[in-house]
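The values are calculated or read from the model by the stated rules, or taken from the named source; none is laboratory data. It should be emphasised that the depicted structure is a prediction, and the values quoted were computed from it without experimental measurement. Here the Cβ positions follow ideal geometry from the backbone for every residue, glycine too, while neighbour counts run over all protein chains shown. When the accessible area is computed, the model is the full protein with side chains, heavy atoms only, and any ligands, DNA or RNA have been set aside. Shrake-Rupley method; radii C 1.70, N 1.55, O 1.52, S 1.80 Å.
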Amino acid sequence: MSRTTDVYSGNEDSKDPASGKRSVAFARPVLSGREKEAVIRVLDSGWLTSGREAEAFEDEFAHAVGARNALAVSSATAALHLSLEAAGLSEGELVCVSPYTFAATAEVVRYFGAHPLFVDIEEHSANIDAELLGKALDHAQDAGKAVRAVIPVHMGGLPCDMERIRACAGRFGIEVIEDAAHAFPARLPDGTMVGSTGTACFSFYANKPITTGEGGMITTDSDEVAERVRRMRLHGIDRPVWDRFRRPGSSWEYDLVEAGFKYNLPDLLAAIGRIQLERSSEFHRARIECARDYDSLLSQVEEIELPARPVEEQDEGPDKESEGALSRHAWHLYSIGVPETLRDALISNLAERGVGTSVHYKPLHMMSYYRERYALAENDFPRASKRYRRSISLPIYPALHGGERRYVVESLKQAIVDCKRTGV
Ligand SMILES: *Cc1c(COP(=O)(O)O)cnc(C)c1O
């Protein structure tokens, strides 16, 4: 059976079923007959919840990123929650987070009655700025406030400056928990994968680089963290449910050693993840190709600022063979900058042409909950605010074929002409 079934299914144009007009979705998962077979295999096995498949997925994921431990959970949000729990976060403490992220990164801090300490981003990468992080930690120290951790987000799959962030965290004795929801498979400058060092949280949500529909993974080089997470993800029971029912000679009896959570990943979903993981190099290569295509088709458009990329990749030759291996960027998102005055009109114009786009992100300090709870102003994090007002994310996924990419680019160019003419 072909490994690429349904992936790049022809070059025929996608149509919106309602209007019959040409349309390019913002995101589309890439599922084949192999994922379907895997699900059916689990259904037929009679064991639906976490068991053999989840264990195998953990082993395979750990191997893929070079992690000492990998723990499958129900989402990246659960992964972040469990990681902070393992770090011993307590009520009233602070956790450094960039405001330029999805809700999950900061809400998990609130679960503990702890508070996000927002730190602005680097202008070029949209990742947390290590220098500003140092300043924020200095201030907190002077004010006698306890900071427990920092959660760097690898925005769109572009790795943060982990060397400087870790150095800074080390200086202040705080934990680093990576929000790697976008960052599989991303690499650091030393060639190691995101997830191979420290503690990182991956997402397998429907639009993430590999998916199980809903799901997540914690990788950690700390056996202590792994042990704690293993216990807390399933009610605080002293051993895995799998042990209790399936291992020969196991008894029914178990003990509760904590009040834990219900965050396990069922086999039904883990089985999908195992196939997606097998196909991930192929997915990544296709994403790199999308990004390169956009780069070359958009580089001449004056109004558009292309996304940042890892520094050493900027003058890399067109060596197709090694692209997948060398690229450090996971290319989960392809976010461009456009003139602020045109941003909203371009999004509507593109929608009329059937091109789905999104914005990553409206910063958390501009969301009413955080704005009101912490009395924040738009200008408190000027780089995040500015980037948000200029940002549009274009479709990027393995199934986006060349014709569709060209259609996106042509539509965007035309939309710019339209929007400039009407002067919005
Ligand atoms: C998707 C996402 C999450 C949450 O992932 P779930 O698996 O849906 O919980 C966390 N952080 C970022 C940056 C994300 O994009």
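Counting only residues that are farther than 21 Å from Met217 by Cα and touching a Lys or Arg at 6+ places or on another chain (Cβ under 7 Å), region 22-56 holds 2 of them.
Considering region 172-226, the qualifying strands (runs of 3 or more DSSP E), each wholly inside and each with 3 or more residues that are farther than 13 Å from His154 by Cβ and either within 16 Å of the ligand (Cβ to nearest atom) or of a type in the set (S, T, N, Q) (or both), run over 216-220.
Scanning region 170-183 for residues that are surrounded by fewer than 24 Cβ atoms within 10 Å (Cβ to Cβ) and either among the charged types (D, E, K, R) or within 22 Å of the chain's Cα centre (by Cα) (or both) yields Arg171, Glu175, Val176. Against the criterion of being open to solvent by 40 Å² or more (accessible area, probe 1.4 Å), farther than 20 Å from Gly198 by Cβ and without any contact (Cβ under 8 Å) to a residue 40 or more places away in the chain, Glu37 qualifies. Open to solvent by 10 Å² or more (accessible area, probe 1.4 Å), out of contact with any helix residue (DSSP H, G or I) (no Cβ under 7 Å at 6 or more places or on another chain) and acidic (Asp, Glu): is that true of Glu93 in this structure? Yes.
Applying a threshold of 6 Å to beta carbon distances and a minimum spacing of six or more residues, or different chains, the list of pairs starting in region 6-32 at a residue that is over 23 Å from Ser280 (Cβ atoms) and open to solvent by 40 Å² or more (accessible area, probe 1.4 Å) and ending at one that is modelled with pLDDT of 90 or more and not in a loop (DSSP other than H, G, I, E, B) reads Asn11/Gly403.
Taking (1) open to solvent by less than 60 Å² (accessible area, probe 1.4 Å); (2) more than 14 Å from the ligand (Cβ to nearest atom); (3) over 19 Å from the mean Cα position of the chain (by Cα) in turn, Arg231 satisfies each apart from (1). Surrounded by 24 or more Cβ atoms within 10 Å (Cβ to Cβ), among the hydrophobic types (A, V, I, L, M, F, W, C), closer than 25 Å to Gly157 by Cβ and touching a Lys or Arg at 6+ places or on another chain (Cβ under 8 Å) - does that describe any residue in region 99-120? No.
Taken together, Ala67, Ala56 contain a single residue that is in a loop (DSSP other than H, G, I, E, B), away from the ligand (no atom under 15 Å from the Cβ), modelled with pLDDT of 95 or more and buried (at least 16 other Cβ atoms within 10 Å of the Cβ), which is Ala67. So which helices (runs of 4 or more DSSP H) are wholly in region 75-148 and hold at least 2 residues that are away from the ligand (no atom under 16 Å from the Cβ)? The qualifying helices (runs of 4 or more DSSP H) are 130-142. Apart from one condition, Glu258 fits all of (1) out of contact with any helix residue (DSSP H, G or I) (no Cβ under 9 Å at 6 or more places or on another chain); (2) exposed (fewer than 14 other Cβ atoms within 10 Å of the Cβ); the exception is (1).
Determine, yes or no, whether Pro152 is open to solvent by less than 30 Å² (accessible area, probe 1.4 Å), touching a residue at least 12 places away in the same chain (Cβ under 8 Å) and more than 12 Å from the ligand (Cβ to nearest atom). Spelling it out, it is not the case that Pro152 is open to solvent by less than 30 Å² (accessible area, probe 1.4 Å), touching a residue at least 12 places away in the same chain (Cβ under 8 Å) and more than 12 Å from the ligand (Cβ to nearest atom). Among residues of region 196-222 that are over 16 Å from Tyr397 (Cβ atoms) and among the aromatic types (Phe, Trp, Tyr), those with a Cβ under 7 angstrom from a residue that is near the ligand (Cβ under 9 Å from one of its atoms) and part of a loop (DSSP other than H, G, I, E, B), sequence gap 6+ or separate chain, pair up as Phe202/Ala180; Phe202/Ala181.
Between Val338, Val409, the distinction of being among the β-branched types (Val, Ile, Thr) and either open to solvent by 60 Å² or more (accessible area, probe 1.4 Å) or out of contact with any strand residue (DSSP E or B) (no Cβ under 7 Å at 6 or more places or on another chain) (or both) belongs to Val409 only.
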